[in-house]
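Below is one structure, written out as structure tokens, with a few remarks after it.
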Amino acid sequence: MEQIDPRHLLIKISQILEDLGISYFITGGMAVLVWGRPRFTADIDILVELYSKDVSRLERALLSLGKAGYVDKDAIEEALLREGEFNFIDGVTGVKVDFWILKKNSFDVLRMKRRIGQDILGQRVYFISPEDLILSKLVWYRESQSSRHLEDAESVIKISGKKLDFKYLRKRAKELGASAILTKIRSRKF
């Protein structure tokens, strides 16, 4: 059986977003692959700055990737209204792409400004910064108690540690109510 490399879909989706002028960054497991340790991820998580004028164009562009692809325009519009998420399922690979709508809070706006371009298969793709990925994982851990989020944050600290802006991390963790969790994982010996 042929193994599916989600990076191919990732660059197609990022090119669509670039062509449509939609700001975005990759987060979740794919970002952990870039800033931390390799791990299995079954989907692609993308935070997008989407507006009503973009909905129809984005729907058409996603569906142009293949006849069997699935996206629901009503779900996109609903996600936009509630600053939630909607999904696209690629008909070729079966890979699910979760699109998260940028919230108008200071943390999301700052994360978008701090995104970092990385080369993926010869194409520039924007990713959440490693610091903001750690902070996001701490918040998700606090809300879900899933150890996967702590493991991801720890791996980013271990792999990207010397390059991280710990002053920024401490300041934002305090603002997000995640200082104790950050202190806990930073005190662990890798």
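For this structure, a couple of remarks:
- Relative to the dominant Cα principal axis of the chain, helix 6-20 is inclined by about 70°.
- Hull shadow area, averaged, the stretch 108-190 [alpha-carbon convex hull, nm²]: 6.0
- Note on Thr41 and Leu20: the extension gain reaches 4.9 nm, defined as 0.36 nm multiplied by sequence separation minus the Cα-Cα distance.
- Projecting the Cα atoms of Val109, Phe99, Ala79 onto the dipole axis of the stretch 1-140, where Lys and Arg carry +1 and Asp and Glu carry -1 at the beta carbon, places Val109 farthest toward the positive end.
- Listed pairs Lys104/Lys171; Lys12/Lys162; Lys12/Lys158; Lys67/Lys96 exceeding 22 Å between Cα atoms: Lys12/Lys162; Lys12/Lys158
- Extension gain for Ser64 to Thr93 (0.36 nm times residue separation, less C-alpha to C-alpha distance): 9.0 nm.
- Accessible area in square angstrom per residue, the stretch 17-102, 1.4 angstrom probe: 46
- Size of charge dipole - the stretch 1-98 - debye, nearest 20, with Cβ of Lys, Arg +1 and Asp, Glu -1, no other charges: 260
- Between Ser52 and Lys162, the FRET efficiency from the beta-carbon distance, with R0 = 41 Å, is close to 0.45.
- Charge-dipole axis of the chain as Lys and Arg at +1 and Asp and Glu at -1 on Cβ define it, positive-most pick from Ile44, Leu138, Ala180: Ala180
- Angle between the chain longest axis and helix 166-175 axis [Cα atoms, degrees, rounded to 10]: 80
- Whole-percent carbon and sulfur share, accessible surface of the stretch 19-65, 1.4 Å: 56
- Cα-centre dipole for the chain with unit charges at Cβ (Lys and Arg positive, Asp and Glu negative), debye to 20: 1220
- 20 °C / 1.002 mPa s Stokes-Einstein diffusion coefficient of the stretch 77-132, Kirkwood radius on C-alpha pairs, µm²/s: 162
- When the convex hull of its Cα atoms is projected in every direction, mean area for the chain (nm²): 11.4
- The slack in the chain from His8 to Glu175, taken as 0.36 nm per residue of separation less the alpha-carbon distance, amounts to 56.5 nm.
- Projecting the Cα atoms of Ser147, Ile11, Leu63 onto the charge dipole of the chain (Cβ charges, centred on the Cα centre) puts Ser147 farthest toward the positive pole.
The values are calculated or read from the model by the stated rules, or taken from the named source; none is laboratory data. Remember, it's a predicted structure, so these values are computed and weren't measured experimentally. A quick note on method: Cβ atoms are made from the backbone with ideal geometry, for glycine too, and the neighbour counts reach across all protein chains shown. When the accessible area is computed, the model is the full protein with side chains, heavy atoms only, and any ligands, DNA or RNA have been set aside. Shrake-Rupley method; radii C 1.70, N 1.55, O 1.52, S 1.80 Å.
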